1. Go through L76, A128, A47 and say which Cα lies farthest out towards the positive end of the charge dipole of the chain; charges sit on Cβ, +1 for Lys and Arg, -1 for Asp and Glu.
2. What is the chain's relative contact order, in percent, from Cα pairs under 8 angstrom and six or more apart in sequence?
3. Quick one: putting +1 on the C-beta of Lys and Arg, -1 on the C-beta of Asp and Glu, what dipole do you get for the chain around its Cα centre, in Debye to the nearest 20?
4. For helix 41-52, report the angle its Cα long axis makes with the longest principal axis of the Cα atoms of the chain; keep it between 0 and 90° and round to the nearest 10°.
5. Give the average over all directions of the projected area of the C-alpha convex hull of the stretch 72-143, one decimal, in nm².
6. Scanning the chain for chymotrypsin sites (Phe, Trp or Tyr not before Pro) in DSSP loops with at most 15 other Cβ atoms within 10 Å, what's the longest stretch left with none?
7. Given the DSSP H assignment, sum -39500 (n - 2.57) over each helix run of at least 4 residues in the chain and divide by its residue total; what's the result at 222 nm in deg cm²/dmol, nearest 500?
8. Take peptides 76-85, 14-23 and line them up by average Cβ neighbours within 10 Å, highest first, as a rough protection proxy.
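FYI, it's all coordinate maths here, none of it is from the lab. Treat the numbers as computed from the prediction; the structure is a model and nothing was measured. Neighbour counts are summed over all protein chains in view; Cβ atoms, including those assigned to glycine, are modelled from backbone coordinates with ideal geometry.
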Amino acid sequence: MPLLFARHATTIARELDLKLIKTGKIRYAFVNNPLPIHRLARFLAIAAICAGNQNRYWQMHDHLFEATPKAESEVLSIAERIGLDSTKFRNCLQQSQEPARQIEEEVKQAQKLKLNGTPAFAVGLVNAGGRVLIKKLIIGVQPFEVFESTIASLGQ
């Protein structure tokens, strides 16, 4: 994983989860946006999606960023550790076209929002129709306080 995104995923994201998401202060939507400069990014995103098929997306996501696996065998070991059905996981990882299709859709969505790097965040308000109206972008690894002040500024 690129060092900066790993830093976000293993530190700031956890603080966002505890202080803002779990408290109901914000809603959080995640899209995969594996960058071509990282040779394993797409494969690791597929692994997380395949784990998600067994309701373990976030467990796999977190383990991938903590362990930074360099080979498929390491990913399979993580899958076993988090209790995935190894046959289903391996079949999804090696044979299913659905995760790759999902990633392509998510990359298009990120590009449409001009979220060209990782991590990148579109911050907005939900309108009466339930759609998010993007007001600001947060690009790159930023401290928790940047998220907090950006979110607070939307209420003004």
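1. About the Cα centre, the residue reaching furthest to the positive side is A128.
2. Working: 149 pairs, mean separation 39.0, N = 156.
Taking the mean separation of contacting Cα pairs over the length of the chain, I get 25 percent.
3. Values: 20 positive and 14 negative charges, 89 e Å.
My answer is approximately 420 debye.
4. Around 90 degrees separate the two axes.
5. So the mean shadow area of the Cα hull is 7.6 nm².
6. So the longest stretch without any such site is 31-156.
7. -14500 deg cm²/dmol
8. Working: 76-85: 16.0, 14-23: 13.5.
With the highest mean Cβ count within 10 Å placed first, the list reads 76-85, 14-23.
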